[in-house]
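The values are calculated or read from the model by the stated rules, or taken from the named source; none is laboratory data. Note that the structure is predicted; figures quoted are calculated from it, not measured. With ideal geometry, Cβ positions are generated from the backbone for all residues, glycine too; neighbour counts draw on all protein chains shown.
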Amino acid sequence: MRSISIDQCLAFPIRILLPFLLFLTACQGQERVDPPKVQVDPTAVIPQDFDPFFAETQAINSTLGPNSITRNIIEDKNGNIWLATWEGILRYSDSTFTNFTNKAGLRKFHAFAVLEASNGDLWFGTIGAGVYRYDGESFTNFTTKDGILNDRVTNLSEDSSGNIWIGSEGGISRYDGESFTNFTMEQGLPANDVNSIIEDKNGLFWIGTRGQACTWDGKNFQLITNDEGDSFSNVRSIIEDSQGNIWLGGNAGLWRYDGNSWVNFTKTFVGYVYEDSKGDIWTSSGFGNNWAITRYTGTSLSLEQIKSTELSVYEGMYFGILEDSQGYMWFGKLDGIYRFDGENFEDFK
């Protein structure tokens, strides 16, 4: 692992500009897109530390938001909004966006996941550069050299014991503060490409993969099936709501498990699931070019009582969702970040 001071200015090697065509599709999912075909000059020397999807900018502080894919969004305990974007790691505070990838001299890879741990540390997953831990002063980079399974990190979570769970395209790595314990198909995972991990209130882990979804009880992995015995494939998002219900979003749509039975709310692909402070469930969903943010409301969110409202239909994909401490809703899109005040969207362009 290597630590980089936030105030340290690093000299970067001259990056070689490669012409390429980035064509985004929504083929059975939203977050990761198959790499485009890159035409490379056979005489050019390609740096090993190169990410063709990284949307490089020179900005450090700006009143303007990102113009690239914003994959995930959180608010930390101090009220700062952190964004995992194709431009790197950004923070929104006091009406200013700060690009920490540029400010701290981090490796130029696009960020995919962000987590605030219970001790206040911030964790960021990147596609190609592993994970970064930020303690408020400096960043520490963990890669396969330090023990994680894969440097393409897609999701992060923390369990009740303070362990950090790192889902990647190579399996799951659990960090206990000193070392990594890894889980792959050899240990019983249904697939090594992991989309989502949570621990529920009973200590059971729920895991969504590009293959099938499963649970882990500390010893064994078990496939999740609905009341008809069907498994869930390509589950992108799993949450436990304030009532203890488990929600799954993925290829099979939106499902809820109350501990006894499953209820299906939509069969449209769902990429992200989020519960707000009122107990409403928000999703980003769609196929092809038509995507929508949908809010499900109801006193008990039962199938009979629930009301579904599509707030916005957009040509392109939606990603992460956040309700901040001021009551604003934030949405990540293909072209940046949007904030919703209950009536209007602000795009920070």
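Restricting 238, 207, 198 to those that are within 26 Å of residue 146 (Cβ to Cβ), buried (at least 22 other Cβ atoms within 10 Å of the Cβ) and in contact (Cβ under 8 Å) with a residue 12 or more places away in the chain reduces the list to 207. Of the residues 226, 192, 182, the single one that is closer than 24 Å to residue 298 by Cα, surrounded by 14 or more Cβ atoms within 10 Å (Cβ to Cβ) and among the polar types (S, T, N, Q) is 226.
Scan the stretch 222-232 and tell me whether some residue there is under 20 Å from the mean Cα position of the chain (by Cα) and not β-branched (Val, Ile, Thr). Yes, the stretch 222-232 has at least one match. Report yes if some residue within the stretch 175-183 is in contact with an Asp or Glu (Cβ under 8 Å, 6 or more places away or on another chain), part of a strand (DSSP E or B), under 25 Å from residue 321 (Cα atoms) and of a type outside the set (Gly, Ala, Ser); otherwise report no. Looking through the stretch 175-183, none of the residues is in contact with an Asp or Glu (Cβ under 8 Å, 6 or more places away or on another chain), part of a strand (DSSP E or B), under 25 Å from residue 321 (Cα atoms) and of a type outside the set (Gly, Ala, Ser). If you go through the stretch 328-341 and keep only what is farther than 16 Å from residue 313 by Cβ, without any contact (Cβ under 8 Å) to a residue 24 or more places away in the chain and not charged (D, E, K, R), you end up with just 328.
Check the stretch 250-257 and report whether any residue there is modelled with pLDDT of 90 or more, within 17 Å of the chain's Cα centre (by Cα) and closer than 24 Å to residue 90 by Cα. No, there is no match, as no residue in the stretch 250-257 is modelled with pLDDT of 90 or more, within 17 Å of the chain's Cα centre (by Cα) and closer than 24 Å to residue 90 by Cα. Within the stretch 10-20, can one find any residue that is at pLDDT 95 or above, surrounded by 14 or more Cβ atoms within 10 Å (Cβ to Cβ) and among the aromatic types (Phe, Trp, Tyr)? No - not one qualifying residue is present in the stretch 10-20.
Can you tell me which residue among 49, 34 is at pLDDT below 95 and within 17 Å of residue 132 (Cβ to Cβ)?
Numbers: 34 fails: within 17 Å of residue 132 (Cβ to Cβ).
Answer to the selection: 49.
State which residue pairs qualify: first residue free of Cβ contacts under 8 Å to residues at least 12 places away in the same chain and farther than 17 Å from residue 112 by Cα and inside the stretch 123-152, second residue hydroxyl-bearing (Ser, Thr, Tyr) and assigned to a strand (DSSP E or B) in any location, beta carbons under 6 Å apart, and separation of 6 or more residues or different chains. Going by the 6 Å Cβ cut-off, there are no qualifying pairs.
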